[in-house]
Structure formats: structure tokens, C-alpha cells
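Q: Following this message is one structure expressed as C-alpha cells.
A short reminder: the numbers here are calculations on the coordinates, not readings from a lab. Remember, predicted model here, so these are calculated numbers, not experimental data. Cβ placement follows ideal geometry from the backbone for every residue including glycine, while neighbour counts extend to all protein chains displayed.
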Amino acid sequence: MSHAAICKTNGVAKHAAIAIPGLDRIGGAEQQAILLASGLRRRGWRVSVIALSGTGGAAAAQLRECGVAFTSLEMRKGLADPRGWIRFQRWLWRERPDVLHAHLPHAAWLCRWSCLAAPVPVVIDTLHSSCTGGSSRRVGYVCSRRLPDHVTAVSRASADSHLAAGMVRKEELSILGNGIEVDAWKPNAQARAEARWQLGLTDEFLWLAVGRLEAVKDYPTLLKALARAPETARLLVLGAGSLESELVGLATKLGLERRVCFFGFESNVKRWMQAADGFVLSSRYEGLPMVLLEAGACGVPAVATDVPGTREVLTDGVNGWLARAADPDSLSEAMAALMHTPQTERYAMGECARRRVVEEFGMESVLNRWEQLYAALLDRRSFERRTRLAAREILSRHSAAPA
């Protein structure tokens, strides 16, 4: 089926609404929602993004520029804010989207329960992490697991963990991985030279780490590993979070002040990725890390902890190296292995990483899969509706027939 046939009915663009807790801070899930929204709009869909709270910041402006409508429900107390529920109900009745697609737990629950009283043909939500959260999250998913028409997971790890916890139904679950704009994320020698000059680097080995400064990313293990790594190793950390002062203090304690730069939040990750010699991810768990896809697309080999999610991107010794989680020695050994790899072999490893991302995670192929899923669910709903109407008509004729 062509894109035009999928995204239109009787010449009118179908409407996909994407719900997410917020876009003021961008992580992997938010980035994927933005890529999906802009990609669908480019293919002719009418697209809206609904944030539960916040203003959306630069991301909202970016979406509007490409023709995607952005609305915030301005919920100030999370899901306990009744005004947000009322605003959402009004929006659903007014806009009547064909597909309502939620990302992350709070948006998923809002969409699931709201659609009991609103005319939305198809409700989907996407699992972005292999972590099932606390008891309240698990109960929330279990109680509402029959409400969505379909649930997708970004990785096998995310699917398996939620299935094991009984939070999703196997018959309505599929794996649909993250995508990346591979033509935008690619090696660039000039950008590399300019960024390294800005950092004052010559022959040093530059490691890049990207992610919020929170416990899940386990930066203490990364800093301890760096302290054991060769002296030529430098680390640039892009991200902000509640542990920043603690991590700066740990770096000082380990004598890394001149080898580590905490750059803070950075919207333009690409140029620093292009400048890096290696990417490092020390997470305790992941879904399907966008940063690993970005590193691979830029031809940068990676070292990552061997946790569910990362294994679906990295193959040890092929396009990067895997290390045991929460183990500074193991992470340091993997980092040293990459640093000691001859440059020609390291470049070959980077080229392998890019080929894999292009073949498996290119955004255009991911968009094809989303459109196919949307179309299949809409067709199923249409068939069910036609079947119900036919059954009612038969019953009506039967009851009206003379005895």
C-alpha cells in the first residue's frame, strides 16, 4: 500500500495524535516522538503532539515549523490534575484523531482511560525502557492492559520485561525499534576538526557520554573506569541532572579535573559525536538507546554496559565492546581495548556500526512500519464496525418481520 493510500481517506489526511508527558527536556523517548511526528507529517498525515505539561520549548517550535500542531494540557499535578483530563477530553471530541499514540507511562494511562469516553478509533502506546518501575506503575499497566488496541516495545528487552511482569498482553504486543535520520547523522571530518580545536585537543582520545546526570546512567562507574584508563583518555559529558555537583566532586576526588568536562545540556549533540573517537554508555538498564544509534550513524565505535537494550545495538568486538554493568574494571578494560585498537581497525569498526544502523534503524524504514501498523489497526477497527452494523441490521429486520 502506498503512503498516499495509508495517510488519506477520500482525499482527507488522516490524523495521528502523539501524546507524551512533555518536551521541555529531551531524552530518547521524546526525540523518537519528535522524529515520528515530523516524519508522518512529511508523508502527508495531519499530526498533533499533545504534551501533558510544560511549554515544549524549542522542540514545540521545531514541530510547528514542519507543520505539526503542538498542544500542552498544562497539567500541574501530574495525572491528579482534573483540569488536564477535561482539556484532553475536549480536545479529543473536537479534533477526533484517527490514531492516538502514547509514549511513556503517564501519557499511556491518560490516553487509555480517556478513550473510554472519547471517539478515538485506535489507541497505541510504546514502551521505551526495559525497567518496569515500581508497584504503582505495574498496577497501572495491569489494570488498563485491555484498553489499548496495540502496544509496541522499542526492543526485545523492553517487551520481555513487561511481559514477565504481566503488564502487557502478548497477543497485542509487537517490537518496533527506534529510528534515526541516517542522512543527518554521519561522519564529518570538518566538523570533527572544528570541535576538537574548540576543546583544545590534538592527539588525545576523546570519549563522549550523553545522557541525564541521574542514577540510571551510572556515571560514577564511568568516572572510576576513566581513572583506570590510559592517560590520553579525555571525557566529554553532555547532560544535566540532579547528580551534577556530586559527579563533579567525584571527578575531583579521582584526580580527573583536567580529563573530564561536564558540558551540561547540549541541543547539538551531533557535532560532538562527530568529534569523538569513541562513545561510552555506562547505564544500569536501557530500552533501545538512541545515543548508540547516533554514535553508530556517525561511524563512532562504542563501549557500553552489557544490559538489555544495548545488546540489540552492539555486538561485542564487531561494532563496539560490551562491559559488565556497575563494574569499573570491566568498563575500563573495554575502553582500553578500543583505545589500543589500531586506527584502521577502529575506523573499520565505525563503518560496521554505521552500516548496521543504516540497515536496521533508518528512519524511513521505521516510518514504513509505523504506517503499516496504523493502517492494519484502522482496517481492523473499520471491519469490526461494519460487522457490528451488519449484525444490528439483521437483528432489526428479524425483529420487524411478521410473526
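Q: What order do you get for 205-212, 316-323 when each peptide is scored by the mean count of other beta carbon atoms within 10 Å, highest first? The partial results should precede the final answer.
A: Details: 205-212: 23.2, 316-323: 20.4.
Sorting 205-212, 316-323 by mean packing, highest first, produces 205-212, 316-323.
Q: Which value at 222 nm does the chain reach when only helices count, each DSSP H run of 4 or more adding -39,500 (n - 2.57), with the total divided by all residues and rounded to the nearest 500 deg cm²/dmol?
A: Numbers: 15 runs with 186 residues, N = 403.
One gets -14500 deg cm²/dmol as the mean residue ellipticity at 222 nm.
Q: Next question, about the same structure. Evaluate the distance, in nm, between pseudo-label points positioned 7 Å from the Cα of Asp183 and of Arg381 along their respective Cα→Cβ axes.
A: The two pseudo-label positions are separated by 3.1 nm.
Q: Relative to the present Cα-Cα distance, how much length would full extension add between Arg96 and Ser242 at 0.36 nm per residue of separation? Spell out each step's value before the answer.
A: On the way: separation 146, 0.36 × 146 = 52.56 nm, distance 3.93 nm.
Extending this stretch completely gives an extra 48.6 nm.
Q: Right, another one. What residues qualify as long-range amide H neighbours of Val168, i.e. H under 5 Å apart, gap of 5 or more or another chain, H built at 1.01 Å from N?
A: Excluding prolines and chain starts, which carry no amide H, there are no hits.
Q: Can you sort His15, His101 by how many other beta carbons sit within 10 Å, fewest first? Please list the in-between numbers first.
A: Working: His15 17, His101 31.
Placing the least packed residue first, the sequence is His15, His101.
Q: Assigning unit charges at the beta carbon (Lys, Arg +1; Asp, Glu -1) and nothing else, what dipole magnitude in debye, to the nearest 20, does the range 189-360 show about its Cα centre? Don't jump to the answer; show the numbers that get you there.
A: Details: 19 positive and 23 negative charges, 49 e Å.
For the range 189-360, the charge dipole is close to 240 debye.
Q: I've got another one for you. Once fully extended, how much extra length lies between Arg258 and Trp85, figured as 0.36 nm per residue of separation less the alpha-carbon to alpha-carbon distance? Mind showing how you got there, number by number?
A: Values: separation 173, 0.36 × 173 = 62.28 nm, distance 5.01 nm.
Length difference between fully extended and current span is 57.3 nm.
Q: Simple spin-label model, 7 Å along Cα-to-Cβ: Ala326 to Ser267 in nm?
A: Reported label-point gap for Ala326 and Ser267 is 3.8 nm.
Q: Placing +1 on the Cβ of each Lys and Arg and -1 on the Cβ of each Asp and Glu in the range 1-144, which of Leu36, Leu100, Leu52 has its Cα farthest towards the positive end of the resulting dipole?
A: Value computed over the given set: Leu100.
Q: Hey, another quick one. Looking at the calculated P(r) for the range 267-359, what percent of the C-alpha pair distances fall above 15 Å? Walk me through the numbers on the way to the answer.
A: Numbers: 2302 of 4278 pairs.
In whole percent, the long-distance tail amounts to 54.
Q: What's the magnitude of the charge dipole for the chain around its Cα centre, counting Lys and Arg as +1 and Asp and Glu as -1 at the beta-carbon? Answer in Debye, nearest 20.
A: Numbers: 51 positive and 42 negative charges, 378 e Å.
In total the dipole reaches around 1820 debye.
Q: In the range 29-128, which trypsin sites (Lys or Arg not before Pro) are in a loop and have at most 16 other Cβ atoms within 10 Å, using DSSP for the loop call? Kindly include the intermediate steps, with their values, before the conclusion.
A: On the way: sites: Arg41, Arg42, Arg43, Arg46, Arg64, Arg76, Lys77, Arg83, Arg87, Arg90, Arg94, Arg112; in loops: Arg43, Arg76.
Answer in residue order: Arg76.
Q: For the chain, give the share of DSSP beta bridges that are antiparallel, in percent and rounded to the nearest 5; count only bridges with both residues there. Spell out each step's value before the answer.
A: Values: 2 of 50 bridges.
Here the antiparallel bridges make up roughly 5 percent for the chain.
Q: Now a separate question. For the chain, set up a GNM with springs between Cα atoms under 10 Å and report which of Glu286, Glu384, Glu95 has the largest fluctuation.
A: For the chain, modelled as a Gaussian network with Cα springs under 10 Å, the answer is Glu384.
Q: Can you give me the distance in nm between label points at Thr232 and Glu65, each placed 7 Å from the Cα along the Cα-to-Cβ direction?
A: Inter-label distance under the simple model: 3.9 nm.
Q: Using alpha-carbon positions, what is the distance between the centroids of the range 170-202 and the range 1-63, in Å?
A: 21
Q: Additional query: Using packing as a proxy for protection, rank 331-337, 161-167 so that the peptide with the highest average count of other Cβ atoms within 10 Å comes first.
A: Values: 331-337: 21.4, 161-167: 16.6.
Per-residue mean Cβ counts within 10 Å order the peptides as 331-337, 161-167.
Q: Still on this structure, please answer the following. In degrees from 0 to 90, rounded to the nearest 10, what is the angle of the helix 105-114 Cα long axis to the longest principal axis of the chain?
A: Around 0 degrees separate the two axes.
Q: If R₀ is 45 angstrom, what is the calculated FRET efficiency for the pair Val12 and Ala58, using the beta carbon separation as r and rounding to 0.05?
A: Numbers: r = 31 Å, r/R0 = 0.69.
So the FRET efficiency works out to roughly 0.90.
Q: Separate question: As an exercise, use a Förster radius of 45 Å and the Cβ-Cβ distance of Glu194 and Val216 to find the FRET efficiency, rounded to the nearest 0.05. List each step's numbers first, then the result.
A: Working: r = 32 Å, r/R0 = 0.72.
Approximately 0.90, to the nearest 0.05.
Q: Just subtract the alpha-carbon distance of Thr315 and Asp203 from 0.36 nm times their residue separation and send over the number in nm, one decimal. Please report the intermediate quantities before stating the final value.
A: Working: separation 112, 0.36 × 112 = 40.32 nm, distance 2.75 nm.
So the extension gain works out to 37.6 nm.
Q: Now, a different point. If Lys and Arg each add +1 and Asp and Glu each add -1, what is the summed charge of the other residues whose beta carbon sits under 13 Å from the beta carbon of Tyr374? Could you put the intermediate results ahead of the total?
A: Working: positive: Lys8, Lys14, Arg43, Arg46, Arg369, Arg380, Arg381; negative: Asp98, Asp149, Glu371, Asp379.
Residues near Tyr374 contribute +3 overall.
Q: Moving on. Using the count of nearby Cβ atoms within 10 Å as a rough guide to exposure, how do Val168, Val216 rank from fewest to most?
A: Values: Val168 23, Val216 15.
Ranked by crowding around the Cβ, least crowded first: Val216, Val168.
Q: Now a separate question. Summing Lys, Arg as +1 and Asp, Glu as -1, what charge do residues with Cβ under 12 Å from the Cβ of Gln343 carry, Gln343 excluded?
A: Details: positive: Arg346; negative: Asp203, Asp277, Glu345.
Value of the local net charge: -2.
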